[in-house]
Structure formats: structure tokens, C-alpha cells
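Engineer: This structure is in C-alpha cells; I'll ask about it shortly.
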Amino acid sequence: MPHLPAILEEIAAEMAAAPERGRPADYIPELAAVDPNQFAISVALADGQQFSAGDAATKFSIQSVSKVFTLAIALGRLGDQLWTRVGREPSGLAFNSILQLEHEQGRPRNPFINAGAIVVTDAILAGHAPRELLGELLRFIRTAAEDDDIHINESVARSESETGHRNMALAHFMRAHGNLLNPPEMSLGAYFHQCAVEMTTAQLARAGRFLVNAPGLPHLVSATRVRRINALMMTCGHYDGSGDFAYRVGLPGKSGVGGGILVIAPGRASIAVWSPGLNAQGNSKLGTEAVELLARRTGWSVFG
Ligand code: DON
């Protein structure tokens, strides 16, 4: 395999020259203002080495990537009981779709679409104040990243609280079906804040090491649960773009509308990419292209 730092520098240079960068999310006003010309990639290897290229020290809003961390906490806390409230099948629909939810009596298809992630957050909230859950989430992420400089951006959370009417509709609909145990405002408050966690690409790559299943890396959940979270990332992590991501990259990944993607090469590495411009499915356009190149140049696809 060619030298990893050289591969990353090459990819960052190719992405800097890309004519088509996608468009940053504009339904959350704070995200619309982010400069689309930024790009970063970082790889944290199982042996402890880390290599980065581009704007890897710039913080961005992790948004839906946070759903991986809340799912890990929920599985640790509730185990298989979680699956009585949320499914494990790809939805084939947009991340914020409300369509299936009525057909399926308020039980979301999977924990990564918005409805499913709101249920996961509601499940771990379990009557506690959102502040306590957010403290636990930050502790989990900081421990995983071995870095305490990871915080929630209050103005991003507020921006989404003021405009998140689709999420409010999803939450109230699930509450009507008895699949939300806390008042919707509480679960949504926690959900909007978890999405507003800010990290650098380098921090996110380090935080993802708990999903690599390799000796010497942080073990925050059991090896069995790591395998299951990776399976869900592969099948559902990119919403209605999950099949395309598996086809092009061949690795489990979880995207966010802030333009970040966490990708796991099982047994080998945790990879984070970030570029704010999105494709039609709401996933980072250049981020996807970059990990496609990385998987090809390293031979890391799980499909050989
Ligand atoms: O709920 C929302 O709409 C956002 N806070 C997160 C959505 C998201 O990141 C979807 N991923 N691509």
C-alpha cells in the first residue's frame, strides 16, 4: 500500500480542485453560513497512529453523526429492548421523511433516520433532565476521543429548535402512538443539542476508534455491539443513499448534514471526512468522493 500520509495529501489536493462541491444545508440557518470551500480528512489507525490532511483542526457541527454515539449509549443501557421501539431496516426514504411512520404505527424503521434517532434519545432520557443526558453524551464522546475540548454550540441548537418543525411533527406523531415516553419538547431539546456537538475532523476520527474492534483502542461497548452498530451504519447510515455509499466505498459510515462522515474500516482504522456541501440525499458530496478514493487506494473495502 502506498504511504497513507501521501494518499491523504493527494485526496485533499484533488478535493480542493473539485469544481462541483454540493450545497451546504440551508434548513438550519446556522449551517447555511458555513464556507463550502473547506475539506478535511483524518485517519486514526488501530496501531495508534493518526494522519490528517486539509482543515482537520476546524470544528464543524456533527449533526447526525451524533446518532452513532447515542445509539451506543442506548444499546449499553437498554440492550435488545431498544428494538421494541425502533427497527433495523433501511428506510429508502429521506432522513426526515414522515411517510413510513404512519404506515408503521409510529415505530421508525431504524435508529439513524430522524424519527428513529429521536426515539433513541427519548429512550436514554428516561425521565432525566436533558442536561444530564447531554453531560453523559459529552463524557462518552470525550472519553472516546481522549479529548475534553468537545462542546455543544448553543446557537446551532437554538437555530434548529426555532426551525425544526418536521422533527417536531415526527416527535408528536410518535407520542400519539405511545412511542415517545418523555414530553416531545424534552426529547427534541436533547436531540437538537446532541446534533449541535462540534468537533474537528481529527477529533471525530479519534472518537470513532471505539467502533474499530482492535486491541489497544478504547472499548466503550462490547465487541458484539460494535459489530451491530457497524452493520446499521452500513445499511442505514446514509439514509436513501446507503446503498450507493456501500457500493462506492464498501465501509460502514454515518453522515451528518454539517458535511461530516464517520467511516469505519473494521479492525484497521476510524476515518472522518468533512466538507460542508451536500449531495441530493443530504450527505457530504466531497466527503463521499474522498472516502471512495481512500477505500480504493488502501484496499480497505470490507468486500475485498
Ligand atoms: O434533525 C435534523 O434535521 C438535523 N439535526 C440532523 C440531520 C442530519 O444530520 C441528517 N444527515 N445527513
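The values are calculated or read from the model by the stated rules, or taken from the named source; none is laboratory data. Predicted model only: the values in this text are computed from it and were never measured. Backbone-built Cβ (ideal geometry, glycine too); neighbour counts: all protein chains shown.
Engineer: Report yes if Ala18 is outside any helix (DSSP H, G or I), touching a Ser or Thr at 6+ places or on another chain (Cβ under 7 Å) and assigned by TED's automatic domain parsing to the domain that holds Ala205, otherwise no. If you could, list the steps in order and put the result at the bottom.
Structural biologist: Numbers: outside any helix (DSSP H, G or I): yes; touching a Ser or Thr at 6+ places or on another chain (Cβ under 7 Å): no; assigned by TED's automatic domain parsing to the domain that holds Ala205: yes.
Judged against the criteria, Ala18 is not a match.
Engineer: Is it true that some residue in region 93-112 is under 24 Å from Phe210 (Cβ atoms) and without any contact (Cβ under 8 Å) to a residue 12 or more places away in the chain? Talk me through it step by step, then tell me what you get.
Structural biologist: Going through region 93-112, the residues under 24 Å from Phe210 (Cβ atoms) turn out to be 95, 110-112.
Restricting the remaining residues to those that are without any contact (Cβ under 8 Å) to a residue 12 or more places away in the chain gives none.
There is no residue in region 93-112 that is under 24 Å from Phe210 (Cβ atoms) and without any contact (Cβ under 8 Å) to a residue 12 or more places away in the chain.
Engineer: Here is a further query. Looking for whichever is among the β-branched types (Val, Ile, Thr) and in a loop (DSSP other than H, G, I, E, B) here; the options are Val34, Val68, Val43. Which one fits? Walk me through how you get there before you give the answer.
Structural biologist: Values: Val68 fails: in a loop (DSSP other than H, G, I, E, B); Val43 fails: in a loop (DSSP other than H, G, I, E, B).
None of the other options fit; the residue is Val34.
Engineer: Kindly indicate which of Leu138, Leu180 is at pLDDT 95 or above and touching a strand residue (DSSP E or B) at 6+ places or on another chain (Cβ under 9 Å). Write out each step before concluding.
Structural biologist: Details: Leu180 fails: touching a strand residue (DSSP E or B) at 6+ places or on another chain (Cβ under 9 Å).
Exactly one of Leu138, Leu180 is at pLDDT 95 or above and touching a strand residue (DSSP E or B) at 6+ places or on another chain (Cβ under 9 Å), namely Leu138.
Engineer: Just checking, does region 292-304 include any residue being closer than 25 Å to Gln194 by Cα and surrounded by fewer than 24 Cβ atoms within 10 Å (Cβ to Cβ)? Give the steps one after another, and end with the answer.
Structural biologist: Here is the first cut: in region 292-304, the residues closer than 25 Å to Gln194 by Cα are none.
Among the residues of region 292-304, not one is closer than 25 Å to Gln194 by Cα and surrounded by fewer than 24 Cβ atoms within 10 Å (Cβ to Cβ), which makes the answer no.
Engineer: Separate question: Could you list, in sequence order, the residues of region 219-253 that are touching a residue at least 60 places away in the same chain (Cβ under 8 Å), closer than 12 Å to Gly282 by Cα and touching a helix residue (DSSP H, G or I) at 6+ places or on another chain (Cβ under 6 Å)?
Structural biologist: The answer is Ser242, and nothing else.
Engineer: How many residues does region 92-104 contain that are buried (at least 17 other Cβ atoms within 10 Å of the Cβ) and either charged (D, E, K, R) or assigned to a loop (DSSP other than H, G, I, E, B) (or both)?
Structural biologist: Adding up the residues that qualify gives 4.
Engineer: Would you mind listing the helices (runs of 4 or more DSSP H) fully within region 105-197 where at least 2 residues are in contact with a helix residue (DSSP H, G or I) (Cβ under 9 Å, 6 or more places away or on another chain) and away from the ligand (no atom under 16 Å from the Cβ)?
Structural biologist: On the way: elements: 114-125, 130-145, 154-163, 165-176, 184-195.
Per the criteria, 114-125, 130-145.
Engineer: If you don't mind, another one. If the requirement is being within 16 Å of the ligand (Cβ to nearest atom), assigned to a helix (DSSP H, G or I) and farther than 21 Å from Glu10 by Cβ, which of these qualifies: Phe245, Phe210?
Structural biologist: Values: Phe210 fails: within 16 Å of the ligand (Cβ to nearest atom).
After applying the criteria, what remains is Phe245.
Engineer: Kindly indicate whether Gly216 is outside the structural domain of Gln100 (by TED's automatic domain parsing), more than 16 Å from the ligand (Cβ to nearest atom) and not in a helix (DSSP H, G or I).
Structural biologist: Values: outside the structural domain of Gln100 (by TED's automatic domain parsing): yes; more than 16 Å from the ligand (Cβ to nearest atom): yes; not in a helix (DSSP H, G or I): yes.
Yes.
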